[in-house]
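Engineer: Have a look at this one.
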Amino acid sequence: MSSYSSSHTASSSYSSSKELSENEEPETRNWLDLPRDVTASILLKLGAVEILTSAQHVCTSWRSICKDPVIWRTIDMQNLGDLHIMPDDLEILCRRAVDRSCGQLVDINVEYFGTDDLLKYITDSTSHLRRLRLVYCDDISDEGLCEVAGKLPLLEELDISIGNISKDSLEVIGRNCPHIRSLKFNMEVFRRPHIELDDEAFAIAKTMPELRHLQLFGNKLTNVGLLAILDGCPRLESLDLRQCFNINMEGALGKRCAEQLKDLRRPNDPTDDYPFDATIPDGGSFDEDYPLGISDTDFLSDDDYEYDFYAFSDGSDISDDVGYYFDPDTY
Amino acid sequence: MSSPVEQITVVSSDGDEFKMTVAAAMQSEQLKQMLTDDSISIVKVPVENISTEILVKVIEYCQKHADHEAATKANGGGASDSEAEELNKWDAEFMKVDVEDKLFHILMAANYLEIKGLFDLACQTVADLIKGKTPKQIRKIFNLKNDFTPEEQERLSRQHNCSFD
């Protein structure tokens, strides 16, 4: 029998003097004895805001870890809507976080704040960005995103949901980011007025051939756009088309989706695991001449679109429950 | 050629011996490497830094997660949402431990034995204790001293315009 040697590659400051029995005084349990990388692992789970406003003020040891670029490779500016931190302050904190990454930033999440200037600051700081999430960033524009696209050569995952970004940015991103594998471009959905718009789908199909994962919640694409995506993104594995109510999954296209994709979410599939609000505003009676609750700029764009009602539907009868014209149970 | 090992024995720092199934042991990268190394014939593994009390908890975690993996495989791959949720609930209950005592040691044990799931879980548990707390409150929970000089404290407080206390 050969006994297993107790040497190991894990951090080694955990000496045998730390086997303390239950009867020891709590004072002797010294959390500062944790190996540095273990403390770093803990602090990483706090998110950037907590690290900067709280954790780094606890003691000099924690502050030292909080200044280590290693823990700033991922910056999660998750903003749970804590009202005591204003967007301006969040921007300052984010810049500080970016500074601490010392050029090693790989992954950043910005929610409910952020400007074009901040985006520029982020992308100027690093050439290694692989994951970028800009969600509910009302002040980030197409212009801003297009301007920095050239600085994201290694980008693999992009989430620009619920913002003011249009197909223009998608195209520029696609052309500048050859490695993009995952795109989330989710919108708040408005059923009324009924608009069909395949521009975003076409932009994706044209410029993102390496896509494996695509989430287009609430998009206005039609079967034409969907077909373009299936053709243009042959490596697509997962596709989320929930609340894309212009899509008709019956027939050959639906079959093709089911065959080509490993993971498909259909327009009427449940939304409980969708991270944003999926409630569809109740638009009252259907009236195409009276746009209700429009906030996405697509409607105001110069792109051609046409009101096109499915032949089998009598427009005024469309209720919020569109299950009648396709039934997921048939698949 | 030794016969296939189905169980191994781990020995705590207190000298107590515990049997672990191979599946459970494989949850630990450390133990896994040993088990897959044909040049080592294992009978007993001393884990010198881990007390009986903690080792029992660690083995419990490993066995539960090994069982879950086996059940998932048997069902053909994906865990159902309810199974995943059940496991999460179990994990949450499992981690309801004394901060002062067990949490620290479980974290260290998971780190030492390289049990990724348990390590992440323990880190998250600690992080959850820190979230939303002021530095003062955090120090109290973890028995840490404020070793900043008053000048440093002043400077940091001004820098962030945030409550420091």
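The values are calculated or read from the model by the stated rules, or taken from the named source; none is laboratory data. Just so we're clear, the structure is a prediction, and the values are computed from it rather than from any experiment. Backbone-built Cβ (ideal geometry, glycine too); neighbour counts: all protein chains shown.
Engineer: Go through segment B:30-52 residue by residue and tally those that are farther than 15 Å from B:Gln7 by Cβ and at the interface with chain A (Cβ under 7 Å from one of its Cβ atoms).
Structural biologist: Count: 6.
Engineer: Which of (1) out of contact with any Phe, Trp or Tyr (no Cβ under 9 Å at 6 or more places or on another chain); (2) part of a helix (DSSP H, G or I); (3) of a type outside the set (A, V, I, L, M, F, W, C) is the odd one out, the single condition B:Glu60 does not satisfy?
Structural biologist: Against the list (1) out of contact with any Phe, Trp or Tyr (no Cβ under 9 Å at 6 or more places or on another chain); (2) part of a helix (DSSP H, G or I); (3) of a type outside the set (A, V, I, L, M, F, W, C), B:Glu60 comes up short only on (1).
Engineer: Taking A:Trp72 as meeting all but one of (1) under 23 Å from B:Phe148 (Cα atoms); (2) surrounded by fewer than 21 Cβ atoms within 10 Å (Cβ to Cβ); (3) more than 14 Å from chain B (Cβ to nearest Cβ), write down the number of the exception.
Structural biologist: (2)
Engineer: Considering every residue within segment A:83-91, establish whether at least one is under 25 Å from A:Glu143 (Cβ atoms) and either touching a Pro at 6+ places or on another chain (Cβ under 6 Å) or among the aliphatic types (A, V, I, L, M) (or both).
Structural biologist: Checked segment A:83-91: at least one residue is under 25 Å from A:Glu143 (Cβ atoms) and either touching a Pro at 6+ places or on another chain (Cβ under 6 Å) or among the aliphatic types (A, V, I, L, M) (or both).
Engineer: If you don't mind, another one. For segment B:150-158, state whether one or more residues are free of Cβ contacts under 8 Å to residues at least 60 places away in the same chain, more than 28 Å from B:Gln33 (Cα to Cα), assigned to a loop (DSSP other than H, G, I, E, B) and within 14 Å of chain A (Cβ to nearest Cβ).
Structural biologist: no
Engineer: Then there is this: Criterion first (within 27 Å of A:Ile65 (Cβ to Cβ) and touching a strand residue (DSSP E or B) at 6+ places or on another chain (Cβ under 6 Å)) does A:Asp107 satisfy it?
Structural biologist: Here the answer is yes, as A:Asp107 does meet what is asked.
Engineer: With the requirement that a residue be crowded, with 18+ Cβ neighbours inside 10 Å and farther than 18 Å from B:Phe119 by Cβ, what does segment B:35-50 give you?
Structural biologist: Within segment B:35-50, B:Ile42, B:Val45 meet the criteria.
Engineer: Residue pairs, Cβ under 6 Å, 6 or more apart or interchain, first in segment A:38-67 and at the interface with chain B (Cβ under 8 Å from one of its Cβ atoms), second aromatic (Phe, Trp, Tyr) and part of a helix (DSSP H, G or I). List them.
Structural biologist: These pairs meet every condition: A:Ala55/A:Trp62.
Engineer: Specify the residue that is farthest from the chain's Cα centre (by Cα); the eligible residues are those in segment A:84-116 that are closer than 20 Å to A:Leu155 by Cα and of a type in the set (A, V, I, L, M, F, W, C).
Structural biologist: A:Cys102
Engineer: Does any residue in segment B:82-94 that is closer than 26 Å to B:Glu53 by Cβ come within less than 7 Å, Cβ to Cβ, of a residue that is part of a helix (DSSP H, G or I) six or more places away or on a different chain, and which pairs are these?
Structural biologist: Taking only residues 6 or more apart or on different chains, the pairs are B:Leu87/B:His68; B:Trp90/B:Lys64; B:Asp91/B:Leu121; B:Phe94/B:Tyr61.
Engineer: If you don't mind, there's one more thing I want to ask. Inspect segment B:96-105 for any residue being of a type in the set (Val, Ile, Thr) and modelled with pLDDT of 90 or more and give the result as yes or no.
Structural biologist: No: segment B:96-105 contains no residue that is of a type in the set (Val, Ile, Thr) and modelled with pLDDT of 90 or more.
Engineer: May I pose another question? Could you list, in sequence order, the residues of segment A:37-48 that are within 27 Å of A:Ile92 (Cα to Cα) and at pLDDT 90 or above?
Structural biologist: A:Asp37, A:Thr39, A:Ala40, A:Ser41, A:Ile42, A:Leu43, A:Leu44, A:Lys45, A:Leu46, A:Ala48
Engineer: Give, as residue ranges, the helices (runs of 4 or more DSSP H) completely inside segment A:167-272 that count at least 3 residues that are more than 27 Å from A:Asp138 (Cα to Cα).
Structural biologist: A:223-232, A:252-260
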